[in-house]
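See structure below.
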Amino acid sequence: MQLCQFDALHQSGLVIEYLEQFEQLSHAIPLYNSYYDDTYFVVRFLGGLKEEFHTAISLHQPQGHSDSKYSGSDAGRRTDTFQPKSFAS
């Protein structure tokens, strides 16, 4: 049941309300699939935001892969990436 709710979750009001729902539902997701990593949760969170935020967020991403802040090879070493509270170490 929680997995279906999580998959259907999208922002309908304030971002903080969406974040609270996301954190509440995301806590149980590893019970269904322990292979989901931080990247999955970040992508899922961003994908659930209202469309108006997608453009603003995409403007802050580099055009190429040369920026190590966003490259896959450096992603595992970053300590300031978004993590839902329920998954933070």
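Points worth noting:
- For LEU49, distant residues with modelled amide H under 5 Å away: GLN11
- Three-way shape label, segment 7-50, alpha-carbon gyration tensor, a/c 1.5: prolate
- Charged-residue dipole, Cβ positions (Lys, Arg, Asp, Glu), segment 16-57 about Cα centre, Debye nearest 20: 120
- With θ taken as phi - 60° and the Karplus curve 6.51 cos²θ - 1.76 cosθ + 1.60 applied, the whole-hertz 3J(HN,Hα) list for segment 31-38 is 5, 8, 8, 6, 8, 5, 10, 4 Hz, x standing for glycine and proline.
No lab work stands behind these numbers, since they all come straight from the coordinates. This structure is a prediction, so every number in the text was calculated from the model and none was measured. For neighbour counting, all protein chains shown are included, and Cβ atoms are generated from backbone atoms with ideal geometry for every residue, glycine included.
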